[in-house]
1. Could you give me the ³J(HN,Hα) list for the range B:113-125, computed from phi with Karplus coefficients 6.51, -1.76, 1.60 and θ = phi - 60°, whole Hz, x at Gly and Pro?
2. How big is the gap, in Å, between the Cα center of the range A:31-45 and the Cα center of the range B:53-68?
3. If the cut-off is a Cα-Cα distance under 12 Å, which aspartates and glutamates reach A:LYS61, setting aside same-chain residues fewer than 8 apart in sequence?
4. How far is helix A:23-36 tilted, in degrees, relative to the longest principal axis of the Cα atoms in chain A, given as a value from 0 to 90 rounded to the nearest 10?
5. Under 5 Å between amide H atoms, partner at least 5 residues away or on a different chain: which partners does A:SER21 have, H built in plane at 1.01 Å?
6. If I fit a long axis through the Cα atoms of helix A:75-85 and take the longest principal axis of the Cα atoms of chain A, what angle between them do I get, 0 to 90°, rounded to 10?
7. State the three equivalent ellipsoid semi-axes of chain B, derived from the C-alpha gyration tensor as the square roots of 5 times its eigenvalues, in descending order and whole Å.
8. I want the antiparallel fraction of DSSP beta bridges within the range A:30-109, as a percent rounded to 5.
Amino acid sequence: MAQRIPDADVLLALMGAPHTSDMLTSAVRLAQALLERGATVHLWTCGHATGIAKAALGATKPRNLENWAHGYPSTLALAERLLDAFPEQLTWYSCRFCTEERGSVPLADRIKLRPPFKFAEHVAAARTTLFLGVI
Amino acid sequence: MADQTERTDREDGPGRRLLVIERAYRGALETQFADVLYLARELNRQLGGVDVLLRGLAVTFAAADTRPAPSVRVGHDTLDTLPSPRDSVRSLLEHGAGVYVDAADLAHFEAGPGWLQPGVRRAGGPDAPGPDWSAYRDVFFV
């Protein structure tokens, strides 16, 4: 059955890896600011950005040798914090092709896998699309 | 293997390594404490001493002023464990690493006296030629 894409104020299409620049940081800051103002936001991840929310990351990063007792949240935990805080406003999609190609399966349960050839439907569902980074 | 003696470069002989860091802003949310300077501290410990040359935007790692503390709001929480390169440079200096900054790149920030942390050296110009690459055992771009 065809999935209906809900409307959104902004679609943030994240293409780049989370470690090559601060694009992810900027995207999260932007999403947070939009969500705090009541906007509806769709996130779409492609390429290595799909790895942000892969289940294998667990809740925390590996330990810090210089601060052994401190827990540092994984990007998965940060993604879940965002989804927990704005369950009605934020929807997170991930490109099925990229998710499989980059070994990011399985993702967190709340991330919705979508075929890449449906991307245009997501663009059509959003009033504004911001395309961030390159695969 | 159990019967092999663990090798370290400290036993192999003298010679420091030079680490050249040219890129800043490498994904703060994912990286947090495990940034390039965390690697530099570990290389300094394992390889018997390193010096660091900061270029490009990475020269800001050596700024003295650590304000504002880097943090970002995520959901209902504030994440305050983002990379803190200025604190990390201070830690590197305390652990015996030499830290140089490229003077030409520093000039983009109009960095006056007191802008750099104590102990950080400017590299560039006739009075401050910077590290002699040929004197190092290795030069690593990290």
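Computed from the coordinates by the stated procedures, all read-outs in this text should not be read as laboratory data. Being a predicted model, the structure only gives us computed values, none of them experimental.
1. Karplus values, whole Hz, x for Gly and Pro: x, x, 6, 8, 5, x, x, 7, 10, 7, 10, x, x.
2. 32 Å
3. Those aspartates and glutamates meeting the cut-off are B:GLU30.
4. The helix A:23-36 is inclined about 60 degrees to chain A.
5. Amide H to amide H, under 5 Å and 5 or more residues apart or across chains, A:SER21 pairs with B:GLY27.
6. So the helix axis and the longest Cα principal axis differ by about 60 degrees.
7. Values: eigenvalues 149, 108, 25 Å².
Result for chain B: semi-axes of 27, 23, 11 Å.
8. The answer is about 40 percent antiparallel.
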